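The values are calculated or read from the model by the stated rules, or taken from the named source; none is laboratory data. Please read all numbers here as calculations on a predicted model, not as lab measurements. All Cβ positions, glycine included, derive from the backbone under ideal geometry; neighbour counts span all protein chains shown.
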Amino acid sequence: MVETIAENGLPDKVCHQIDLGLLQEVIPPTLIEELLETYEMWEERERKTNMLTIVYWLMALHVYPSLSQRRVYGKLVSGLRTIRDDVPEQIPARSALSYRRNQLGSEILQELFVKVAGPKATAQTRGAFWKGMRLLAIDGTVESVADTADNRETFRYSSDDDLSRSPFPQARLLLLIECGTHLICDLEISSCRQAEATGLRLLLERSWLEQSLILWDSGFHSSWAIFEVCARGGQVLGRLRSHVLETPLCTLVDGSYLTWIGSGPRPSPWAAHARTGDHLHLYRSPPSGSWRTGLPTGDDLA
């Protein structure tokens, strides 16, 4: 015999019983409730869903990007179908989800990201550290956003040409990622027309980089960025174009060389340890005037 809701002692609303397992352990409901209280975002009247559920639903949209909004909500409550028969009727309409989403806004989600984002790897996490330094990577990507008036003004299309532009406005994302866990530790969101170098400056100025080795591609190379990372206690392992930093200061026994970086009439006290051939370079401040003469190999980083 199937037990009734009253016999199970369950609340009368499906939204009170959503359980996302591990996600709720990483981002506990109490943290979201605290932010909802701080931003005064609690709903005046709770119907089929509430603001706490909407926050988790927004996260789930990225877990199931190919599903519709209602089907994603159905995923959140699918486990309740074994104990109650009104689950399909308790899934909000698309207009109700959009209404709650507009009510919630974006500020609380930005604050939630700031509170929970960051490196999580431990010493036991495979591939997360090299010679005591936490491995982080910086890279950029472009994501399409909804074709609304606000998004068109903020993020813009890839081109002003109606024939060749992107079908949707596009946001440029510059990501700081922990290599061992693939977690996004920080990001800078801007228009697709903004250069990655601009986003890199904003990202580095607020990021925690102590005892970290930052990996990036040749497009991010600049003296300022190298100095900023080193000033924050980090190191850089980056790829260079073949025509950059070609003048050796001194050549080492393994064929790599040291060279000055920076601009101006006086040479910078920082140097680039360059491996010839594949143009991989490790930038660091020389401790006590000495330099490590080796670069990490694939085996070291595995």
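Among the listed residues Leu97, Leu174, Leu136, identify the single one that is aliphatic (A, V, I, L, M) and either over 30 Å from Leu237 (Cβ atoms) or in a helix (DSSP H, G or I) (or both). First the steps, then the outcome.
On the way: Leu174 fails: either over 30 Å from Leu237 (Cβ atoms) or in a helix (DSSP H, G or I) (or both); Leu136 fails: either over 30 Å from Leu237 (Cβ atoms) or in a helix (DSSP H, G or I) (or both).
Residue meeting the stated conditions: Leu97.
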* Report whether or not Val55 is part of a helix (DSSP H, G or I) and modelled with pLDDT of 90 or more. => yes
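Any chance the range 63-76 includes a residue that's under 30 Å from Ser218 (Cβ atoms) and loosely packed, with under 11 Cβ neighbours inside 10 Å?
Going residue by residue through the range 63-76, those that are under 30 Å from Ser218 (Cβ atoms) are none.
Within the range 63-76 (the criterion being under 30 Å from Ser218 (Cβ atoms) and loosely packed, with under 11 Cβ neighbours inside 10 Å), the answer is no, since none of the residues qualifies.
Only one of these is in contact with a strand residue (DSSP E or B) (Cβ under 6 Å, 6 or more places away or on another chain), among the β-branched types (Val, Ile, Thr) and more than 19 Å from Thr154 (Cα to Cα): Ile214, Ile189. Name it. Full working, then the answer.
Details: Ile189 fails: more than 19 Å from Thr154 (Cα to Cα).
On inspection, the qualifying residue turns out to be Ile214.
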* Asked: From the residues in the range 239-270 that are under 22 Å from Leu215 (Cβ atoms) and not in a loop (DSSP other than H, G, I, E, B), which one is modelled with the highest pLDDT?
  -> Arg239
* To do: Tell me which of these Pro92 doesn't satisfy, since it passes every other one: (1) modelled with pLDDT under 90; (2) within 19 Å of the chain's Cα centre (by Cα); (3) farther than 22 Å from Ile27 by Cα.
  => (2)
* Out of all the residues in the range 16-46, which are within 16 Å of Ala96 (Cβ to Cβ) and either surrounded by 13 or more Cβ atoms within 10 Å (Cβ to Cβ) or among the hydroxyl-bearing types (Ser, Thr, Tyr) (or both)? -> Ile18, Glu43, Glu46
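Table: residues versus (1) assigned by TED's automatic domain parsing to the domain that holds Asp186; (2) modelled with pLDDT under 90.
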residue	(1), (2)
Thr122	yes, no
Gly127	yes, no
Gly132	yes, no
Ala137	yes, no
Asn151	no, no
Phe155	no, no
Ser159	no, yes
Asp162	no, yes
Arg165	no, yes
* To do: Report, ordered by the first and then the second residue, all pairs with beta carbons closer than 8 Å, sequence separation of six or more or different chains, a first member in the range 97-110 that is in contact (Cβ under 8 Å) with a residue 60 or more places away in the chain, and a second member that is surrounded by 13 or more Cβ atoms within 10 Å (Cβ to Cβ) and of a type in the set (Asp, Glu).
  => Gln103/Glu43
